[in-house]
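Remarks on the structure that follows.
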Amino acid sequence: MLYRIVGLFVVLVVISGCALPSYEAISEEKEQFIGTWNSTDSQILIINADGSGNYYGFGRKISGGAITITKSELTIELFNETFSKTFKITKPPYNEGGETKMKLNHSIFTKQ
């Protein structure tokens, strides 16, 4: 009986360890992406300095996902791509009229 309990405990630890997203801190050169962003078409994207983030839009919700930013794409994923959203960075963060904006998939996001 003790072996079954220990075995079950080991299995639960392994499963829960596999399910946790792995965050990589946002690099200094990409820190302008950090913050809460709202789009003109009601999407919300939250990018945290530790590499975690949230996305809400078009009936989708990804909470606590891992953020990856390359030169051309921004991705938020949870559970190894089971739930993910990839944006093409049409225009990286820029200043316009005293606001910081960026274009992802041709949607304009404004930093809050």
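The values are calculated or read from the model by the stated rules, or taken from the named source; none is laboratory data. Treat the numbers as computed from the prediction; the structure is a model and nothing was measured. Here the Cβ is made from the backbone with ideal geometry for all residues, glycine too, and neighbour counts use every protein chain on show.
Remarks
- Scan of the range 53-71 for residues that are surrounded by 12 or more Cβ atoms within 10 Å (Cβ to Cβ), in contact with an Asp or Glu (Cβ under 9 Å, 6 or more places away or on another chain) and hydrophobic (A, V, I, L, M, F, W, C), ordered by number: ILE62, ALA66, ILE67
- Just so you know, in the range 31-52 the residues that are within 16 Å of ASN105 (Cβ to Cβ) and without any contact (Cβ under 8 Å) to a residue 60 or more places away in the chain include one that is surrounded by the fewest Cβ atoms within 10 Å (Cβ to Cβ), and it is SER42.
- Among residues of the range 65-84, those that are part of a strand (DSSP E or B) and either among the acidic types (Asp, Glu) or at pLDDT 95 or above (or both), counted: 10
- Residue, farthest from GLY53 (Cα to Cα), within the range 85-112, restricted to residues that are of a type in the set (S, T, N, Q) and outside any strand (DSSP E or B): ASN105
- Considering the range 79-105, and only residues there that are among the hydrophobic types (A, V, I, L, M, F, W, C) and out of contact with any Ser or Thr (no Cβ under 7 Å at 6 or more places or on another chain), the residue that is nearest to SER39 (Cα to Cα) turns out to be MET102.
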